Amino acid sequence: MGKNLYDKIIGGHLVSGEPAAGNEIGIRIDQTLTQDALGTMAYLQFESMGVPLAKTDSVSYVDHNTLQDGFENADDHRYLQTVADKHGIKFSKAGNGICHQVHLERFSRPGLCLIGSDSHTPTCGAVGMIAMGVGGMDVATAMAGGPYHFIYPKVLRVNLIGRLGEWCSAKDIILELLRILTTKGNVGIALEYSGPGVAALSVPERSTIANMGTELGVTTSIFPSDGTTRLFFRAQEREGDWTALAADPDAAYDRTIDLDLGSIVPMVARPHSPDNVTTVGEIAGMAVNQVLIGSCTNSSYRDLMVVAGMLKGRKVHADVSFGITTGSKQVLSMIARNGALNDLIAAGARILESTCGFCVGCGQAPQTNAVSVRTNNRNFEGRSGTRDARVYLVSPETAAATALTGKMTDPRDLGMPFPEYRAPDRYAIDDALVILPGGAPDVEVFRGPNIGPPPANSPMPESLTCKVAIKVGDKITTDHIMPAGSLLKYRSNIPKYAQFVFKDVDSGFAEKCRANAEAGFPSAIIAGQSYGQGSSREHAAMCPMYLGVRLLLAKSVERIHAANLVNFGILMLAFEDAADYDRLKEGDELAVEHVDEALRGERLVVRNRSSGYSFNALCGLTDRQKAIVLAGGALNFAAVKTGR
Ligand code: MIC
Ligand code: SF4
């Protein structure tokens, strides 16, 4: 039996475990990336590991927190630059662009394994890398030379046939997949794109698709590395980094779905979930207040050129606030040089920095009760910064058409010719904003007053008795748990940031945890399906841990969040019988006797002391993960192992 792309790449990186679906394996990591919002904690954790120089090829990006309303962001940036310099890590300065776009352009390489402390790291799967989003602790461990552990995924082959129609693009493909596969129930699956439809998709288009695989909740997504990939590397003046990579013709897959590109039409994800998908035609005519184009999903040179071509010589509708973010300095300087930037400005665009910006709620919060149409990847309630705003996710073509008319518009209905676009033979290369590290041990690391040490947990007590501090429903995202936006500046200040856990779900949560702790109880969270969707932000585990949360009982938990809970020593259990979820309520006292022993099996007994009954819960953790949870998290576990 032949090999698929995962079998091939993982085969060459395997350090431990049997490479078969469902098994935990450890792999050697070639590259890591971090962004500033999770980078400070990742590097503080790395520093505590006592390794002088990173053992991976690593890049630290500043792209999330660039609002700088106060000293905190700038202090973080300085810490990141100095710590990178000291430990042999490249530093991509603010202004160079969004980590995933820049990494794709300048650092990606077919056949390598990349992990990044950002959930959209799979973007680089566009060029045949295994690229996975993880928590900062896992990045720190890899930089220190440790393997990355994860569950060998089931591989779902997406067989692309046919060709996209005019005005339909990569975003419509991934929105259609989100409609079919939804954001739930895809944990432990990885996507591999293949078929005759792949060749016609450029690397930036493939990156849009790989990027938003994250919203499906899959481990990662990958495309083959073919002639199109080679042209991209040549145009980036990195042809030497290119290698061909294809699955064997008789490769095995756990499942295959066929997607006829010819049948795809412009799609839209309605509030408040990326899988609430319908056709643009279905809601055409809806009045719109704001249109924003950008983010790591749709801010490539290709996307901006198509948008500029549509807007050239036209004006954006008077009632629409219209903003554009380029994904990188490369894209911005190219559209500045060829005049497309001027076309955008003349049409009425507000030109925003090459950062995440609006996508993470850093600026551009829309008006009360707004309809905001955006090209990014997440439309969770409140993420835009305006609680009652309704965010719709679309392609750049649909966004530009909507900006022109002021109403949700299928671009095919504009009646204009599709703008002429040709992929460049050469991109503008200037890596001046990537600072190469000196790697000198005597570099003084700058630490502003906002930066505190990563909080420590204590080992799991012999028997655990917790009080339920909150009960939540299905599809609770990490944005619900640990909001970003204007609070991002507290990412390095855990005592402060922890005050805002579940801020918009239950503003009294932190106080309840404190009261429980004062009464001598750790806290527990009760959740429905797909808990922890969305980002890789480990603060969604670290801050609850800081508040004293020790137990999560959920119907199901998403992959990256589950790994983060383990890393911070929070015990994660699943209901054996979903009906037990209904019986639990806030304030209940839950006990697990002799946790160590109880964790030896897959099933354990939880006693609800408040209501006087017991029920079964399942623990899906591997033995390695159980040991980490018992030690009180990954840092404690590593310290015990190394005798530090
Ligand atoms: C996001 O898109 O939610 C973020 C902000 O990029 C996060 C990372 C973070 O919270 O720092 C992600 O996707 O992992
Ligand atoms: Fe940045 Fe948005 Fe991409 Fe997250 S999803 S990395 S916030 S652009």
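Accessible area per residue was computed with a 1.4 Å probe on protein heavy atoms; M416 scores about 30 Å². The C-alpha radius of gyration of the stretch 365-439, expressed as a fraction of 2.2 N^0.38 Å, stands at 1.62.
Calculated on the Cα set of the stretch 188-253, radius of gyration then Dmax: 12.7, 36 Å. In units of the compact-protein estimate 2.2 N^0.38 Å, the stretch 493-644 shows a Cα radius of gyration of 1.01.
Expressed as a fraction of 2.2 N^0.38 Å, the C-alpha radius of gyration for the stretch 396-490 is 2.08.
The Cβ shell under 13 Å around V83 holds other residues with a net charge of -2, Lys and Arg each +1, Asp and Glu each -1. Cα centroids of the stretch 560-592 and the stretch 391-466: 32 Å apart.
Beta bridges per DSSP, both residues in the chain: antiparallel share near 35 percent. Cα to Cα, under 18 Å, and not fewer than 8 places away if on the same chain: which aspartates and glutamates meet these conditions relative to K3? The reachable aspartates and glutamates, counting only those whose Cα sits under 18 Å from K3, are E18, E192, D226, D248, D250, D254. A cut-off under 11 angstrom between Cβ atoms defines the neighbours of V549, and their net charge, with Lys, Arg +1 and Asp, Glu -1, is +3.
Dividing the summed -39500 (n - 2.57) terms of all DSSP H runs of n ≥ 4 by the residue count of the chain sets its mean residue ellipticity at 222 nm at -8500 deg cm²/dmol.
Within straight-line reach of K171, meaning a Cα separation under 26 Å, sit the following lysines at least 8 residues removed in sequence or on another chain: K154, K184, K312, K315, K329, K407, K475. Computed over the stretch 232-385, the alpha-carbon pair-distance distribution with 5 angstrom bins reads 2, 8, 14, 17, 17, 15, 12, 8, 5, 3, 1, 0, each value a whole percent. Cross-link partners of K585 among aspartates and glutamates, defined as those whose alpha carbon lies under 18 angstrom from its own and excluding same-chain residues fewer than eight positions apart: D474, D506, E511, E576, D577. In plain terms, the chain from A199 to R609 could stretch by 141.6 nm, reckoned as 0.36 nm per residue minus the Cα-Cα distance.
Accessible surface calculations at 1.4 Å, restricted to protein heavy atoms, place the stretch 131-224 at 23 Å² per residue.
Rounded to the nearest 20, the size of the Cβ-charge dipole of the chain about its Cα centre is 540 debye, with Lys and Arg at +1 and Asp and Glu at -1.
Counting heavy atoms of the protein chains alone, K93 has an accessible area of about 80 Å² for a 1.4 Å probe. For R447, the accessible surface of its heavy atoms amounts to roughly 120 Å² (probe 1.4 Å, protein chains only, rounded to the nearest 10).
In the chain, the portion of solvent-accessible area held by carbon and sulfur atoms comes to 49 percent [1.4 Å probe, whole percent, DNA, RNA and ligands not counted]. With all pairs of different alpha carbon atoms counted, what Kirkwood hydrodynamic radius in Å does the chain show? After inverting the pairwise mean of 1/r, the radius is 24.8 Å.
For the residues Y79, Y427, a 1.4 Å probe over the protein chains yields an accessible-area ranking, largest first, of Y427, Y79. Over all other residues within a Cβ to Cβ distance under 10 Å of S221, the charged ones net out to 0, with Lys and Arg as +1 and Asp and Glu as -1. Computed from Cα positions, the angle between helix 71-87 and the longest principal axis of the chain comes to roughly 80 degrees. Restricting attention to the stretch 248-391, close to 20% of DSSP beta bridges with both partner residues there are antiparallel.
The values are calculated or read from the model by the stated rules, or taken from the named source; none is laboratory data. A quick note: this is a predicted structure, and the numbers were derived from the prediction, not measured. Quick reminder, even Gly has a Cβ in these numbers, built from the backbone with ideal geometry, and neighbours come from all protein chains shown. The accessibility values were calculated without ligands, DNA or RNA, using every heavy atom of the protein model including side chains. Shrake-Rupley method; radii C 1.70, N 1.55, O 1.52, S 1.80 Å.
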